[in-house]
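Since the structure comes first, as structure tokens, the remarks are kept for the end.
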Amino acid sequence: MFKLPLFKNSTSLLRDWRTYSFVCLSTVLLFSCANKEKYVQTLAQPEQLTISEGFVEPVGFYDAQPSFSWKLPVDASVKAQSQYRIVVASSPDLLPGNPDLWDSGVINSDTTNFVHYEGNELKSRQRVFWQVKYWNERGFDSNWSALASFELGLLSSSDWSAEWIEIEQPTPLELDKFDTPIHIPQYLRTTFTADKSIKSARLYITAKGLFESFINGNRVGSDVLTPGYTPYHKRIETLTYDVSKLLVSGENAIGITLAEGWYAGRFGPKRHWHKKRNITPKALAQLEIEYTDGTRKIVVTDKNWQATQQGPLRRSSLYDGEMFDANFSLKNNNANWHEPQYETENAPEKWRSVQSSNIDSDVLLEPKRHFTSKNKQVLAPVSLHKVDGKIIFDLGQNMVGVARVNLPMIEGEKLKIRFAEGINSDGSLYTKNLGSAAQEDTYVAAKSGVVDWRPQFTFHGFRYVEVSGFDEKEAPQLDWIEGIVQYTDFELTGHFTSSDPELNQLQSNIEWGLKGNFLDIPTDCPQRSERLGWTGDALAFAPTSLFIADSHAFWSAWLQSIREEQFDNHGIPVVVPNEVGEIVQAGWSDAAVTIPWDVYWRTGDERVLKENYTMMKRWILYHQSQLENGVSKMWTVGDWLQPYSTREDSRRGETDHGLISTAFYARSLDIVARTAKVLQRTDDAKHYASLFEEVKANFQAAFFDQQGNIKQGQPTQTSYLLAIGFDLVSDEILQAAEANLMKQFEIAGGHLRTGFLGTPLIAPVLEKIGRQDFALELLFKESYPSWLFPVSQGATTMWERWDGYTHDKGYVKKAGSLNHYAYGAIGQWMYDRLAGITPLSAGYKEVRISPIVTTHLSHAGATYQSPHGEIKSYWFLNQGELRMEITIPPNVTATIEVPSFVYVKNSVETTNKIKKLKGLLTVNGAALNVDSGNDIQINKNPQFSAGHYVIRVSKK
Ligand code: RAM
């Protein structure tokens with residue numbers, strides 16, 4: 001029977017025994033540079049130059065007012081930056097001496113990130129070069145950095161002389177069984193002569209739909225699913241490719257394949273499909289060639305292009321998959337349709353003229369403002385089995401992307417490729433959780449032999465791939481299939497690991513949640529007929545994602561879409577891009593406020609706050625329009641998917657909806673107040689802070705009694721988590737509320753009983769009330785519901801429901817998505833607290849290294865590529881001895897709090913939950929006296945510079 005006594009004394013005891021004391025011995029000079037520097041003439045140059053949200057040497061860049069970032073080298077001579085200088089020029093020859101665009105001058109500042117460009121106005125197509133140097137804390141200067149450059153794209157619609165083109169086709173269009181038009185993919189082509197020698201060429205291109213482009217037989221770029229997914233009625237992103245090397249002097253051909261994608265296909269909820277009836281895919285391209293003699297030639301999409309729907313791509317749908325029929329070949333004269341030798345006259349039955357339309361004046365054409373999606377990883381099957389004559393390959397990992405097939409077929413046969421996240425007990429594919437998404441690709445062979453194919457304009461969520469229709473004379477081989485994992489092309493920046501394989505699997509599942517649902521926009525799920533940008537899921541997962549991956553640009557771009565989708569009444573839609581109509585929802589739409597803050601906090605980029613500030617303030621106005629007597633009546637689905645909910649619609653959780661909506665109003669106010677402070681809008685800051693206090697009082701009066709009990713609706717874990725987590729109860733009743741929260745856990749048999757809103761708050765709130773011990777118990781629990789329960793049932797991704805599948809019962813009736821990242825929000829606590837890397841100021845400029853050490857593990861830790869360089873924190877516990885391995889990059893100040901005790905696994909009595917760590921404290925081998933000082937101050941205390949540390953608490 002679960003028992004959880006809450007002794008306040010022992011709680012504060014836990015709080016107090018936090019650190020070890022020691023005397024800072026001046027002999028422990030780890031990375032002393034004093035002597036060395038006398039001889040140093042010039043310091044090593046700054047590294048890893050990026051612009052705006054982390055772009056490296058972009059071509060077709062979106063931002064004419066960029067910011068500059070760099071990293072200081074990891075070098076004993078560099079502890080911090082005291083000054084910097086940036087020079088920017090229109091030509092590399094002008095640098096560093098004659099910067100014609102901007103010279104920042106020598107600026108006294110330790111800032112190395114997001115320094116705003118303040119030079120001459122930058123224009124579309126402009127190529128810009130820059131360099132930076134810094135001075136260290138002792139006034140020595142560095143070499144100039146290597147030269148970095150960027151080139152702007154076509155910044156506004158007026159830069160385009162191209163027209164939208166599409167095949168001339170009969171109207172009305174044929175409808176599918178869902179009443180949505182069938183858009184057979186189009187092939188569009190033109191040829192042209194380049195009559196001089198080519199210096200450089202850029203292809204500016206986009207689509208209403210999805211495109212791939214080809215020049216002279218070669219694929220342009222390696223992006224997938226371009227241009228991506230934005231509110232197309234407001235803004236369509238454009239791509240720029242350097243195609244200088246693909247063109248030749250003489251005859252050239254350019255081809256575009258065009259499919260329906262998000263824009264024109266059956267996508268989103270059923271009730272909106274019919275609206276797509278008058279929408280058809282279109283392409284827009286502008287090829288700009290610069291000859292060596294300085295003259296230019298422009299080739300644009302216009303009426304002169306030709307088009308066909310008689311190509312091998314017969315059908316491409318995001319939900320349903322792709323069909324490729326090799327009999328519809330587009331080859332003649334030994335050439336492919338995107339080569340100049342191909343003759344459309346030889347295939348007159350196929351090629352038709354196109355219809356063109358002008359660029360819409362109210363839809364912005366802007367260069368893509370984050371990274372494109374790409375093929376990021378390849379998975380090989382781990383096994384295969386046969387069911388009903390079909391072969392099912394198991395990739396061992398639930399993933400998102402496409403499958404490449406490489407297998408034998410017989411002429412005329414149809415290869416069917418089906419995808420699922422799971423298999424039934426009879427070994428067949430489990431497809432019940434896919435809704436109406438068929439997730440099925442088809443390949444029709446034109447000749448016998450080995451077929452090597454992958455689709456272009458669809459993606460699937462799957463672990464299992466079923467194939468039928470191959471040449472059955474051949475024995476199936478594992479290498480017939482490859483899983484090609486596709487997601488937004490960012491770098492993975494954070495890695496967590498521990499001694500516990502289950503916890504590591506949880507971490508892996510969290511990472512795969514990101515890989516599976518960051519395909520151009522953040523989605524709830526990648527497999528069923530949904531795959532939408534649900535704001536609430538994003539709100540939960542954003543902080544975790546910002547550690548795992550360099551998702552700064554990704555979030556900033558999606559926030560632009562949120563701004564564009566904000567309703568006139570200031571509401572924020574629950575789904576962005578909005579496919580669901582006018583639905584606004586507390587706890588979901590608040591993402592418009594929480595995510596700018598999360599991005600700012602993790603990156604230090606103030607621009608994300610500036611860009612979104614108006615939207616954030618308008619969102620507060622919407623909240624205010626929902627108030628009645630100080631309490632919010634805003635609609636919400638509530639604590640979505642809380643286990644054991646007794647509500648009629650059990651998905652909606654038991655927590656009172658008014659409490660949730662009022663709590664999120666307060667939360668948004670709190671963040672807007674903090675944002676105003678960062679942006680130095682003092683009056684706003686005061687205004688929102690006082691509103692917050694007002695709402696706090698209203699919240700407490702409406703929902704809590706004097707004993708800290710919930711008085712409206714059911715008492716639930718989430719109601720207390722929101723109240724304590726968002727700081728909404730006064731000090732007088734806080735302790736009682738804390739005890740009531742613990743009682744809720746006790747009632748639940750020591751389990752969580754929270755949905756999408758409560759779950760992310762569990763560990764941080766337990767920590768806030770001094771119950772890290774219990775947070776650990778919950779984290780390591782394996783029985784339902786818990787984070788490790790799905791792991792124990794074989795999960796390789798995060799699930800929408802804690803019990804989507806069980807070994808005993810198989811898939812539950814409403815198993816839901818097996819790739820839903822929301823519960824992955826626990827990652828943040830694992831990185832911040834188990835590994836112990838917590839930012840104390842925005843962008844990790846100041847950090848605290850203070851891992852929670854527990855006998856649940858013998859080691860844990862993380863590496864994080866912070867905006868200033870690599871931060872590492874690992875701890876190892878061996879027979880009561882502790883070793884910490886820590887790296888702090890230059891220009892960061894850190895407080896290392898050496899733990900003075902260990903949380904003991906499985907202790908029932910609170911008093912036994914911690915065990916003192918005793919022994920000799922050494923830092924890089926030198927002993928420290930335990931009598932004075934608490935923490936090791938890196939880069940604050942002159943003794944301890946940035947660098948690597950091994951800290952031990954050992955028995956002798
Ligand atoms: C579901 C989505 C999402 C959730 C909403 C409320 O359909 O999958 O995860 O945020 O509903």
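The values are calculated or read from the model by the stated rules, or taken from the named source; none is laboratory data. Because the structure is predicted, anything quoted here is derived from the model rather than measured. Here the Cβ is made from the backbone with ideal geometry for all residues, glycine too, and neighbour counts use every protein chain on show. Heavy atoms of the whole protein, side chains included, go into the accessibility calculation; ligands, DNA and RNA do not. Shrake-Rupley method; radii C 1.70, N 1.55, O 1.52, S 1.80 Å.
Length gained on full extension, Asp195 to Asn941, computed as 0.36 nm times the residue gap minus the Cα-Cα distance: 261.8 nm. Classification of segment 720-788 by its C-alpha gyration tensor yields a prolate form. The axis ratio a/c (a ≥ b ≥ c) is 1.5 or more, and a/b outweighs b/c. Only aspartates and glutamates eight or more places from Lys276 in sequence, or on another chain, were considered; those with a Cα closer than 15 Å are Glu174, Asp176, Asp179, Glu260, Glu579. Candidates Trp875, Pro889, Phe901 compared by Cα position along the dipole of segment 844-953: farthest toward the positive end lies Phe901, with charges placed on Cβ. Distance from the Cα centre of segment 812-887 to that of segment 634-662, in angstrom? That distance is 30 Å. Hey, which of these cross-link pairs are over 28 Å Cα-Cα: Lys177/Lys814; Lys79/Lys686; Lys781/Lys956; Lys199/Lys234? Listed pairs above 28 Å: Lys79/Lys686; Lys781/Lys956; Lys199/Lys234. Taking the DSSP beta bridges with both ends in the chain, the antiparallel portion is around 90 percent. Between segment 726-789 and segment 545-617, the C-alpha centres lie 28 angstrom from each other. Computed from phi, the 3J(HN,Hα) profile of segment 451-461 under the Karplus parametrisation 6.51, -1.76, 1.60 (θ = phi - 60°) reads 9, 10, 8, 9, x, 9, 10, 8, 8, 10, x Hz, with x in place of Gly and Pro. Backbone amide hydrogens, once placed in the peptide plane, bring Thr854 within less than 5 Å of Tyr903, excluding anything fewer than 5 places away on its chain.
Each residue of segment 722-732 was assigned a 3J(HN,Hα) from its phi angle through the Karplus curve 6.51 cos²θ - 1.76 cosθ + 1.60 (θ = phi - 60°); the sequence is 5, 4, 6, x, 9, 6, 10, 10, 6, 4, 4 Hz, with glycine and proline shown as x.
When +1 charges are put on Lys and Arg Cβ atoms and -1 charges on Asp and Glu Cβ atoms, the dipole computed for the chain relative to its Cα centre reaches about 1640 debye. How many percent of the accessible area of the chain is carbon or sulfur, using a 1.4 Å probe? Ligands and nucleic acids excluded, carbon and sulfur reach 47 percent.
So how do 116-123, 418-425, 526-533 stack up, highest first, on mean other-Cβ count within 10 Å?
The most tightly packed comes first, giving 526-533, 418-425, 116-123.
The packing ranking of peptides 266-277, 581-592, highest mean first, is 581-592, 266-277, where packing means the average number of other beta carbon atoms within 10 angstrom of each residue. Residues whose amide H comes within less than 5 Å of that of Phe371, counting only those at least five positions distant or on another chain, are Phe554 (H built at 1.01 Å from N in the peptide plane). Calculated [222 nm] ellipticity per residue, helices only, for the chain: -6000 deg cm²/dmol; basis is -39500 (n - 2.57) per DSSP H run with n ≥ 4, divided by all residues, nearest 500. Using the Cα gyration tensor of segment 157-368, with a ≥ b ≥ c the square roots of its eigenvalues, what is the shape: rounded (a/c below 1.5), prolate (a/b larger than b/c) or oblate (neither)? Taking the square roots of the gyration eigenvalues as a ≥ b ≥ c, segment 157-368 is oblate.
Close Lys pairs in segment 281-359 (alpha-carbon distance under 21 Å; sequence gap of 8 or more, or different chains): 4.
The alpha carbon centroids of segment 180-216 and segment 353-402 are separated by 20 Å. When only Cα pairs below 8 angstrom with a gap of at least 6 residues are kept, the chain shows a relative contact order of 12 percent. Sorted on the mean count of surrounding Cβ atoms within 10 Å across their residues, most packed first, peptides 706-717, 376-387 read 706-717, 376-387.
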